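Notes follow the structure.
The values are calculated or read from the model by the stated rules, or taken from the named source; none is laboratory data. The structure presented is a predicted model; accordingly, all values stated were derived computationally and were not measured. Here the Cβ is made from the backbone with ideal geometry for all residues, glycine too, and neighbour counts use every protein chain on show.
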Amino acid sequence: MKIDGRHYRTIFPDADGRAVLVIDQTRLPFAFDLKRLASLTDAAVAIRTMVVRGAPLIGVTAAYGLALAMAEDASEAGIDRACATLAATRPTAINLRWALDRAAAVLRRAPQADRDELAFAEAARIADEDVASCRAIGEHGAAILADIAARKGGTVNVLTHCNAGWLATVDWGTALAPIYVAHDAGVPVHVYVDETRPRNQGAALTAFELHAHGVPHTVIADNAGGHLMQHGEVDCCIVGSDRTTASGDVCNKIGTYLKALAASDNRVPFYAALPFSTIDWTLEDGVRDIPIEERDAREVTHLTGRTETGAIATVQVVSPGSPVANPAFDVTPARLVTGIITERGVCAASPEGLAGLYPERRRAA
Ligand code: MRU
């Protein structure tokens with residue numbers, strides 16, 4: 001995607017090839033800064049503090065983190081230590097573990113002296129594949145939007161939650177990729193952007209992305225979606241996912257489930273867009289089995305934004321002394337999901353639907 005006319009990926013190797021640069025998402029939307037990650041610790045801290053976030057991007061960052069660790073210690077113990085450190089940063093998004101397992105398997109087969117170089121090459125391959133997958137998700141999803149536009153004879157109103165755009169991946173995004181592809185092809189699209197408390201990834205990141213690309217959009221309070229659906233203002237919902245089970249249960253940012261309930265009640269199609277690296281073939285029951293990250297209470301008690309003087313400030317919004325809970329994700333059962341948009345096409349959110357698209361993975365599970 002382009003910022004001020006220059007094409008960026010969210011993560012890319014530094015000119016010297018010994019570090020990676022990432023877009024610091026904690027500074028958006030008010031500042032666009034790059035941050036250099038030069039060590040295993042840098043990568044782990046960037047994921048934990050959400051300098052980088054979004055399931056596919058934290059997977060790719062973890063792969064680069066493993067590569068940075070190989071420059072420090074390329075022994076078997078070094079691989080184990082790096083994988084354990086990176087895997088512990090965020091528990092819900094399966095892409096993180098998927099990328100580490102894939103890259104570590106390549107390294108363990110190689111002589112220790114070659115691991116440093118191989119690890120960077122594998123991380124770059126994972127990044128390139130993510131771009132290709134997201135672009136393909138965009139093509140498949142755009143066909144759905146074009147179909148709605150043709151049937152409706154007007155602008156397609158899409159509701160999305162959190163940020164599943166290019167900032168959450170290496171490029172293009174998952175849920176937003178169909179919107180970019182459709183918009184670029186001339187399909188009239190307008191996006192309702194849930195603000196996505198507590199961290200406001202919708203208001204800060206999705207709105208920033210859509211504005212930068214010129215896609216018409218409106219930011220809404222998280223509680224507004226049901227009302228808009230009741231009044232026929234939403235033609236479909238598209239969300240991303242941090243982990244989707246083999247049976248089609250979709251785990252995504254907290255609040256996604258409530259949107260799926262409202263969509264079901266109002267017969268609004270509800271899609272999840274995700275690459276193969278988000279599917280956890282070992283799990284069936286997402287509500288029971290997916291670990292849900294519990295984050296710092298301060299994300300709920302405080303808000304950060306820009307004051308009228310232009311300064312960035314953090315203010316408390318919760319009554320002092322009240323206890324707070326902050327589960328970061330929830331699970332939408334497959335029965336509420338109209339379809340899953342993947343790089344291989346669109347399928348039903350069911351064991352049969354996913355197995356139909358990925359016959360090789362289903363047999364291996
Ligand atoms: O906590 P975050 O900001 O990493 O959560 C991101 C989401 O929930 C996204 O919807 C998800 O990762 C899909 S990313 C393409």
### Query
Are there any helices (runs of 4 or more DSSP H) wholly within the stretch 231-340 with 2 or more residues that are closer than 18 Å to ARG90 by Cβ, and if so which?
286-289, 298-301
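For the stretch 223-236, state whether one or more residues are of a type outside the set (Gly, Ala, Ser) and within 15 Å of the ligand (Cβ to nearest atom).
Here is the first cut: in the stretch 223-236, the ones of a type outside the set (Gly, Ala, Ser) are 223, 227-231, 233-236.
The next check asks that each one be within 15 Å of the ligand (Cβ to nearest atom); those that pass are none.
Scanning the stretch 223-236, I find no residue that is of a type outside the set (Gly, Ala, Ser) and within 15 Å of the ligand (Cβ to nearest atom), so the answer is no.
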### Task
Answer yes or no as to whether LEU21 is surrounded by 14 or more Cβ atoms within 10 Å (Cβ to Cβ), more than 15 Å from the ligand (Cβ to nearest atom), outside any helix (DSSP H, G or I) and modelled with pLDDT of 95 or more.
yes
### Task
Would you check if there is a residue in the stretch 236-258 being over 25 Å from GLY59 (Cβ atoms), in contact (Cβ under 8 Å) with a residue 24 or more places away in the chain and touching a helix residue (DSSP H, G or I) at 6+ places or on another chain (Cβ under 6 Å)?
no
### Flag for ILE11 being loosely packed, with under 15 Cβ neighbours inside 10 Å, in contact with a Phe, Trp or Tyr (Cβ under 8 Å, 6 or more places away or on another chain) and within 30 Å of VAL219 (Cβ to Cβ)
no
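Only residues that are surrounded by 15 or more Cβ atoms within 10 Å (Cβ to Cβ) and either free of Cβ contacts under 8 Å to residues at least 12 places away in the same chain or out of contact with any Cys (no Cβ under 7 Å at 6 or more places or on another chain) (or both): list them for the stretch 276-288, please.
The first filter runs over the stretch 276-288 and keeps only residues surrounded by 15 or more Cβ atoms within 10 Å (Cβ to Cβ), leaving 276-281, 283-284, 286.
Within the stretch 276-288, PHE276, SER277, THR278, ILE279, ASP280, TRP281, LEU283, GLU284 qualify.
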### Any hit, the stretch 105-125, residues being touching a Cys at 6+ places or on another chain (Cβ under 9 Å) and not in a helix (DSSP H, G or I)
no
### Task
Could you figure out which of (1) modelled with pLDDT of 95 or more; (2) over 24 Å from ASN163 (Cα atoms); (3) among the charged types (D, E, K, R) isn't true of ARG267?
(2)
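Which of the residues spanning the stretch 151-190 are over 18 Å from VAL131 (Cβ atoms), outside any loop (DSSP other than H, G, I, E, B) and more than 15 Å from the ligand (Cβ to nearest atom)? Show your work before the answer.
Start the filter on the stretch 151-190 by keeping residues that are over 18 Å from VAL131 (Cβ atoms), which leaves 151-162, 182-183, 185-190.
Narrowing the set further to residues that are outside any loop (DSSP other than H, G, I, E, B) leaves 151-152, 156-160, 182-183, 189-190.
Hits for the stretch 151-190 are ARG151, LYS152, VAL156, ASN157, ALA182, HIS183, VAL189, HIS190.
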### Task
Under 8 Å between Cβ atoms, at least 6 apart or on separate chains: pull out the pairs that start in the stretch 86-108 with a residue that is in contact (Cβ under 8 Å) with a residue 12 or more places away in the chain and end on any residue that is assigned to a helix (DSSP H, G or I) and basic (Lys, Arg).
ALA87/ARG97; THR89/ARG48; ARG90/ARG48; LEU107/ARG115
### Task
Test each condition in (1) within 14 Å of the ligand (Cβ to nearest atom); (2) part of a helix (DSSP H, G or I); (3) closer than 17 Å to ASP235 by Cβ; (4) touching an Asp or Glu at 6+ places or on another chain (Cβ under 9 Å) for ILE148 and report the one that comes out false.
(1)
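In the stretch 87-104, which residue that is part of a helix (DSSP H, G or I) and not small (Gly, Ala, Ser) is nearest to the ligand (Cβ to nearest atom)?
So the residue we want is ASN95.
Criterion first (among the β-branched types (Val, Ile, Thr), at pLDDT 95 or above, buried (at least 22 other Cβ atoms within 10 Å of the Cβ) and out of contact with any strand residue (DSSP E or B) (no Cβ under 7 Å at 6 or more places or on another chain)) does VAL181 satisfy it? Give the derivation first.
Details: among the β-branched types (Val, Ile, Thr): yes; at pLDDT 95 or above: yes; buried (at least 22 other Cβ atoms within 10 Å of the Cβ): yes; out of contact with any strand residue (DSSP E or B) (no Cβ under 7 Å at 6 or more places or on another chain): yes.
Criteria met by VAL181.
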### Query
Out of ALA119, ALA110, ALA105, ALA99, which single residue is in contact with a Gly (Cβ under 6 Å, 6 or more places away or on another chain), in the same structural domain as ALA88 (by TED's automatic domain parsing), among the aliphatic types (A, V, I, L, M) and at pLDDT 95 or above?
ALA99
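Can you tell which of ALA77, ALA69, ALA43 is crowded, with 24+ Cβ neighbours inside 10 Å, over 15 Å from ASN95 (Cα atoms) and either charged (D, E, K, R) or more than 16 Å from the ligand (Cβ to nearest atom) (or both)? Even if it seems obvious, please write down each step before you answer.
On the way: ALA77 fails: crowded, with 24+ Cβ neighbours inside 10 Å; ALA43 fails: either charged (D, E, K, R) or more than 16 Å from the ligand (Cβ to nearest atom) (or both).
None of the other options fit; the residue is ALA69.
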